[in-house]
1. Residue 223: which aspartates and glutamates have alpha carbons under 17 Å from its alpha carbon, excluding same-chain residues fewer than 8 sequence positions away?
2. Hey, could you pull the Cα Rg and Dmax for segment 1-101, both in Å?
3. Using a Förster distance of 35 Å, how high is the FRET efficiency between residue 220 and residue 46, based on the Cβ-Cβ distance and rounded to 0.05?
4. Quick one: in segment 57-168, what % of C-alpha pairs are over 24 Å apart?
5. Quick one: net charge of residue 6's neighbours, Cβ under 15 Å, K/R +1, D/E -1?
6. Ranked highest first by average number of other Cβ atoms within 10 Å, how do 38-47, 8-17, 197-206 line up?
7. In nm, to one decimal, how far is the modelled label at residue 194 from the one at residue 28, with both set 7 Å along Cα→Cβ?
8. Which percentage, to the nearest 5, of the DSSP beta bridges contained in the chain is antiparallel?
Amino acid sequence: MHEEIGKLLSHLDHELVPLRQVAEGLLDEDSLIDPATGAALISRRTKIAPEAFACVIYPGMPHEAIARYEEIHSHGSNSSFTIPDAYKTVLSRSNGADVLKMHLYGLPPPMCNNPPLLSRSSRQPLDLATANKDWRRAFGPDPTQFHFGGAFYSSEENLAYFLNLDGGVEALRKGKIRVNLWQNFESFLRDELSRLAGVFPAYEESMAQFHLSLEAEAKNRKKKSRGKP
């Protein structure tokens, strides 16, 4: 199984090397390939959820499929939808990823159909077209910026990532508040994955405490329903 995962991760070269290094560092005996999607599921985290993993890397998409996705989503209010070449090269090697609460958006299979339909019946990346049609608005980016991902920032909010025309990456909070600006995709990945590695343990523990509180509430409700003090 690790040989299959290694083959998938080998495609994370050039500017995606920081992503590969984090994935390889998290690789353990519980890691596997999702039979439904071909994604690498690395480092199971049951404190968050039974089927949660610290790292999910989806296999790349053929260039023809990316072009078809652009064609399907180039209509109506999203008529100018075009994926920048820089992010197309990312998609050709990894069709999105979820790593330490960083989300790199991709092309979910149901959204590659015509008509496209959002579905969460199986594990899949968050949708690029929806991100650039709807989710971007709250962050107030420049019209030329391409919304390709987001990440945990605090218990109250997430960051949004935008690709600039010059290949730089900007991180924004809601209301067009700049958090950081990187000159290229590789430095963005290296810095943000390092930041998230530092906050992920606290996030994981907070989720564990949240689930414990839900279990306690459920037990209390059950006792009350039986008339017990």
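Rule-based calculations on the coordinates, nothing more; no lab input. Please read all numbers here as calculations on a predicted model, not as lab measurements. When we count neighbours, we look across all protein chains shown, and the Cβ atoms used for this are built from the backbone with ideal geometry, even at glycine.
1. Within the straight-line limit of under 17 Å, residue 223 reaches these aspartates and glutamates: 215.
2. 15.2, 47
3. The formula returns an efficiency of 0.90 here.
4. 19 percent
5. Local charge sum for residue 6: -3.
6. Ranked by mean Cβ neighbours within 10 Å, highest first: 38-47, 8-17, 197-206.
7. 2.5 nm
8. Antiparallel bridges: around 95 percent, rounded to the nearest 5.
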